[in-house]
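Here's the structure, in structure tokens; my notes come after.
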Protein chains: 2
Amino acid sequence: MSGPARVTHASTRAAVLDLVRAAGMISRVGLVNATGLTGGTISTVVRGLIDEGLVAETGHAESTGGKRRVMLQLNHFARYAVGVHLDDARITYVLTNLGGAVVARISRAGAAADEPAAVVARVAREVDALIDSVGVERGRILGLGLVAARPAEHQEFGRALERATALPVVLDHDATAAAIGEHWSGGVGATSTFAALFMGTGIGAGILLGGTTYRGPSGHTGEIGHTCLDLDGPRCWCGARGCLEVLAGPAAVVEQARADRALSRAAGLVGGRTRAATPVAADFAAISRAARQGNTRAVALLERSARYIAAAARGLANVLDLEVLVLTGPSFAIAGSVYLPVLRAELDSAFIARDAHPISVRLSPSAASAPAIGAAAIVLQSELVPRRQGLRLPDDLAAEEPPVFLAR
Amino acid sequence: MSGPARVTHASTRAAVLDLVRAAGMISRVGLVNATGLTGGTISTVVRGLIDEGLVAETGHAESTGGKRRVMLQLNHFARYAVGVHLDDARITYVLTNLGGAVVARISRAGAAADEPAAVVARVAREVDALIDSVGVERGRILGLGLVAARPAEHQEFGRALERATALPVVLDHDATAAAIGEHWSGGVGATSTFAALFMGTGIGAGILLGGTTYRGPSGHTGEIGHTCLDLDGPRCWCGARGCLEVLAGPAAVVEQARADRALSRAAGLVGGRTRAATPVAADFAAISRAARQGNTRAVALLERSARYIAAAARGLANVLDLEVLVLTGPSFAIAGSVYLPVLRAELDSAFIARDAHPISVRLSPSAASAPAIGAAAIVLQSELVPRRQGLRLPDDLAAEEPPVFLAR
DNA sequence: CGAGGATTCTTCAGTTACTAAACAAAGAAA
DNA sequence: TTTCTTTGTTTAGTAACTGAAGAATCCTCG
């Protein structure tokens, strides 16, 4: 009662390029099977990609009885993209090639309360340094992806950066970027439905449904940090009570640790003594270190946090029928090994669709720079995968119609 | 830094038909504005729809300075569809026209433990009776939508029903159907991102993102009933603790009411005394009645349930950036007036994206038969909105490639 | 070694679904 | 009546595909 699983893509060229990237190496026949297009179409599309220098023939597969397949690969060094992650604490820069592999990476202290114009100049300077450090021609750089927790607040910053760097700038949410980064740099299947659970200072999730980024009508998606886990819990700035972020976010973990004299001393927390720029991040790292070294109080604190996050993650998985869940972001980069088994256990035992398909839970191999890598991946997508012109459907249709009606 | 909001549709014909349906009445120029297509394209597409008898010209709008627009409307009685909702307690049948309006409706007791073959025969007979009751030609009936809480268990039933009724059968989840029904029968914008919160015996949600049904990779979407709201709450059959369904579902409300002697007597609960086929549904109705009549204990019970559901609904809205939330299904049909204000208050005060756009929370005008209406709407969609052939992307690409590789 | 089959890849004519632009029809304003 | 505006249709052209024929390459077996 239902046809074969088919997915409509933005454009054929983009779909083919995406398949070549995802497969690592694939033949034209492989593309025919994967796309459902005819050999003729694949032939011309691939020729175009080769002419543009994006794809290259790299050898032959063994014969299956007739002519050998010519294998195709992404020409990884044909194009580059810059990714910038603006965090309160740090600014992370990466330069990636077409495959999403990091070619250069630098990380600098955040620009907390500095003057905007000065920050733009500084970021532009650091982007230049990043590019110069590997000597990539500027003409081969497709653009700059800029991601932050609240992208809407950085629109003007983005425009200024566009002028300062002479690179096209795209702006996005950091959690969404992290998800796209995981998808682009492989590991997650091309059409998979997955979420990147992102923990920095706050907690969020980037969502890809069937390989397509889900951004929602206003871009405020994946706000899993404000999932309720205790109806009568402590108040959150969002207006609700018992939000995940308040109960189990890094700030909450750090606060709980600081209240524990013994743990504070053992882990060497700074928050109690100094007014450092980023006491939460530093102390969260210290607690994680203590946990790795076997401090039972630190372990208990993190596992308590993990149980809350696991419950929220299960809720997300149940709502979206997720196939993959990736833990990423600075905080999971530090403490992921504590959280991972707790989340796995939760989803193995109580994910509703577990009989229909498995859900793979894993730690990002590049959790700390995932948002920046994702920012670059968004540029790769937006430049190489031009959106096909679809149908514009304005919110208010009725308003465009004349109000008066005369019966015939 | 971002283009105009555009949406790709399955096919132009379908998109135009959908716009005509959603708008109720619209001109060709209105369609041009709404779709972004040119006048020429709209002209030919509309001609095709008129030739098929699906759309009709119904008069003129007032002039805006030149020629008056010819208004188009759906030809509501050109086609029909049957919707069947299989519930443990009841089987609901509807016959709808092209606009999703109910033309005939019957409801019968559920077929709990009867023999499958007998149930198929009975349902086929009742469908015939439904159709005969309004004398619609069978050739104008596009098909039969069959929805249930666990559609996967009814595959064989669906096939048998297809043979018995000689109508094409499509199978789907009841909550998803309810959402599609709300969308199809208007009230919710064409491209809106919304969820239908469905409460029958369990709690689920049907999800439409940007006007497109979200079914997930295995169809287990919107399982909001297993959202965790208490880490150390009571065990649920799903394997977790503190699930919404266990804390606040109709069964939980009824159980709590039965434990209250005074309330049991006042509301006249049957569950304690008899072994009726559907004690939960009947008692939930009794509690709702008592609440409406001012019984403070009944009100308190339902409001407690509502607070839990509101928290879970807020989580869903925060994750998906919802624009609309519709309460539907038998239990909301009975007690929706108690739940609605609680959900509204929760989302007004703590929905993350509330500064970006409002979220409209409302009660379905046809909550009791929403799944059946949605089942019919699915038929209308699947028959009138043929999926465009997209790109097939098999899960396992690598397997199709020959394993051995020879460098050139 | 060479003919024949298998498989891969390209070419080319034809189809579909669009756009752009000219045109025709209908009403408003002067 | 003339002119302008707006609506809707027609037509020629284009992009992106399909289907089928054919060329290229490799394997196998006599």
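The values are calculated or read from the model by the stated rules, or taken from the named source; none is laboratory data. This structure is a prediction, so every number in the text was calculated from the model and none was measured. Note that each Cβ is placed from the backbone with ideal geometry, even for glycine, and that neighbours are counted across all protein chains shown. Side chains included, ligands, DNA and RNA excluded: accessible areas come from the protein's heavy atoms. Shrake-Rupley method; radii C 1.70, N 1.55, O 1.52, S 1.80 Å.
Checking B:Ala23 against (1) open to solvent by less than 50 Å² (accessible area, probe 1.4 Å); (2) within 12 Å of DNA strand D (Cβ to nearest atom); (3) at the interface with chain A (Cβ under 7 Å from one of its Cβ atoms): exactly one of these is not met. Which one?
(2) is the only condition that B:Ala23 fails.
Among the residues in the range A:270-285, are any open to solvent by 40 Å² or more (accessible area, probe 1.4 Å), among the hydroxyl-bearing types (Ser, Thr, Tyr) and in a loop (DSSP other than H, G, I, E, B)?
yes
Quick check: is even one residue across the range B:188-200 outside the structural domain of B:Val94 (by TED's automatic domain parsing), within 19 Å of B:Ala372 (Cβ to Cβ), open to solvent by 30 Å² or more (accessible area, probe 1.4 Å) and hydroxyl-bearing (Ser, Thr, Tyr)?
There is no residue in the range B:188-200 that is outside the structural domain of B:Val94 (by TED's automatic domain parsing), within 19 Å of B:Ala372 (Cβ to Cβ), open to solvent by 30 Å² or more (accessible area, probe 1.4 Å) and hydroxyl-bearing (Ser, Thr, Tyr).
Taking the condition within 11 Å of DNA strand C (Cβ to nearest atom) and either away from every other protein chain (no Cβ under 12 Å) or within 20 Å of the chain's Cα centre (by Cα) (or both), does A:Ile42 pass?
On the way: within 11 Å of DNA strand C (Cβ to nearest atom): yes; either away from every other protein chain (no Cβ under 12 Å) or within 20 Å of the chain's Cα centre (by Cα) (or both): no.
Considered against the rule, which asks whether it is within 11 Å of DNA strand C (Cβ to nearest atom) and either away from every other protein chain (no Cβ under 12 Å) or within 20 Å of the chain's Cα centre (by Cα) (or both), A:Ile42 comes out as no.
Taking the condition of being within 18 Å of the chain's Cα centre (by Cα) and part of a helix (DSSP H, G or I), how many residues in the range A:341-363 meet it?
Count: 0.
Within the range B:8-20, track down each residue that is at the interface with chain A (Cβ under 7 Å from one of its Cβ atoms) and at pLDDT 85 or above.
Passing the criteria: only B:Ala15.
Restrict the check to the range A:64-73 and report whether at least one residue is away from chain B (no Cβ under 14 Å), away from DNA strand D (no atom under 14 Å from the Cβ), within 20 Å of A:Arg140 (Cα to Cα) and surrounded by 13 or more Cβ atoms within 10 Å (Cβ to Cβ). Let's see the steps before the verdict.
First, the residues of the range A:64-73 that are away from chain B (no Cβ under 14 Å): none.
No, because not a single residue in the range A:64-73 is away from chain B (no Cβ under 14 Å), away from DNA strand D (no atom under 14 Å from the Cβ), within 20 Å of A:Arg140 (Cα to Cα) and surrounded by 13 or more Cβ atoms within 10 Å (Cβ to Cβ).
B:Ala205 is checked against (1) more than 11 Å from chain A (Cβ to nearest Cβ); (2) open to solvent by less than 20 Å² (accessible area, probe 1.4 Å); (3) not in a loop (DSSP other than H, G, I, E, B) and fails just one. What number does that condition carry?
Answer for B:Ala205: the failing condition is (1).
Which residue out of B:Gly268, B:Gly242, B:Gly249 is of a type outside the set (A, V, I, L, M, F, W, C) and within 14 Å of another protein chain (Cβ to nearest Cβ)?
Within the list B:Gly268, B:Gly242, B:Gly249, the selection yields B:Gly242.
All but one of (1) polar (S, T, N, Q); (2) within 11 Å of chain A (Cβ to nearest Cβ); (3) more than 16 Å from A:Val319 (Cβ to Cβ) hold for B:Ser185; which doesn't?
Single failed check for B:Ser185: (2).
What number of residues within the range A:138-159 satisfy the criterion of being part of a helix (DSSP H, G or I) and under 20 Å from A:Ile180 (Cβ atoms)?
The number of residues fulfilling the criteria is 5.
Could you please find all residues in the range A:279-306 being in contact (Cβ under 8 Å) with a residue 24 or more places away in the chain and among the β-branched types (Val, Ile, Thr)?
Those that are in contact (Cβ under 8 Å) with a residue 24 or more places away in the chain and among the β-branched types (Val, Ile, Thr): A:Val280, A:Ile287, A:Val299.
Filter the range B:303-340 down to residues that are among the β-branched types (Val, Ile, Thr) and outside any helix (DSSP H, G or I) and give me whichever is surrounded by the most Cβ atoms within 10 Å (Cβ to Cβ).
Selected residue: B:Thr328.
Tell me, please, whether a residue that is part of a helix (DSSP H, G or I) and free of Cβ contacts under 8 Å to residues at least 40 places away in the same chain can be found in the range A:50-70.
yes
Out of (1) in contact with an Asp or Glu (Cβ under 9 Å, 6 or more places away or on another chain); (2) in the same structural domain as B:Arg140 (by TED's automatic domain parsing); (3) of a type in the set (A, V, I, L, M), the odd one out for B:Ala160 is which?
(1)
How many of the residues in the range B:307-363 are out of contact with any His (no Cβ under 8 Å at 6 or more places or on another chain) and over 17 Å from B:Gly202 (Cα atoms)?
Going through the range B:307-363 one residue at a time, the tally reaches 28.
Considering only the range A:26-39, state which residues are open to solvent by less than 60 Å² (accessible area, probe 1.4 Å), within 11 Å of DNA strand C (Cβ to nearest atom) and part of a helix (DSSP H, G or I).
Selection gives A:Gly30, A:Leu31, A:Val32, A:Asn33, A:Gly39.
Does A:Gly83 qualify as being assigned to a loop (DSSP other than H, G, I, E, B), in contact with a strand residue (DSSP E or B) (Cβ under 7 Å, 6 or more places away or on another chain), away from DNA strand C (no atom under 16 Å from the Cβ) and open to solvent by less than 20 Å² (accessible area, probe 1.4 Å)?
Spelling it out, it is not the case that A:Gly83 is assigned to a loop (DSSP other than H, G, I, E, B), in contact with a strand residue (DSSP E or B) (Cβ under 7 Å, 6 or more places away or on another chain), away from DNA strand C (no atom under 16 Å from the Cβ) and open to solvent by less than 20 Å² (accessible area, probe 1.4 Å).
Among the residues of the range A:29-63, write down those that are more than 10 Å from DNA strand D (Cβ to nearest atom) and out of contact with any Leu (no Cβ under 9 Å at 6 or more places or on another chain).
Answer for the range A:29-63, where residues must be more than 10 Å from DNA strand D (Cβ to nearest atom) and out of contact with any Leu (no Cβ under 9 Å at 6 or more places or on another chain): A:Val29, A:Arg47, A:Asp51, A:Glu52, A:Gly53.
Taking only the range B:100-145 into account, find how many residues are closer than 30 Å to B:Ala22 by Cβ, open to solvent by less than 20 Å² (accessible area, probe 1.4 Å) and touching a Ser or Thr at 6+ places or on another chain (Cβ under 7 Å).
4
Restricting the search to the range A:307-350, which residues are more than 26 Å from A:Trp184 (Cβ to Cβ), within 11 Å of another protein chain (Cβ to nearest Cβ) and touching a residue at least 24 places away in the same chain (Cβ under 8 Å)?
The answer is A:Arg307, A:Tyr308, A:Ala310, A:Ala311, A:Arg314, A:Gly315, A:Asn318, A:Ala345, A:Glu346, A:Ala350.
Only one of these is among the basic types (Lys, Arg), touching a residue at least 60 places away in the same chain (Cβ under 8 Å) and within 24 Å of B:Val82 (Cβ to Cβ): B:Arg215, B:Arg140, B:Arg150, B:Arg163. Name it.
Just a single option satisfies the conditions, and that option is B:Arg140.
Report, by residue number, each residue of the range B:161-181 that is touching a strand residue (DSSP E or B) at 6+ places or on another chain (Cβ under 9 Å) and either among the polar types (S, T, N, Q) or away from chain A (no Cβ under 12 Å) (or both).
Correct list: B:Thr165, B:Leu167, B:Asp174, B:Thr176, B:Ala177, B:Ala178, B:Ala179, B:Ile180, B:Gly181.
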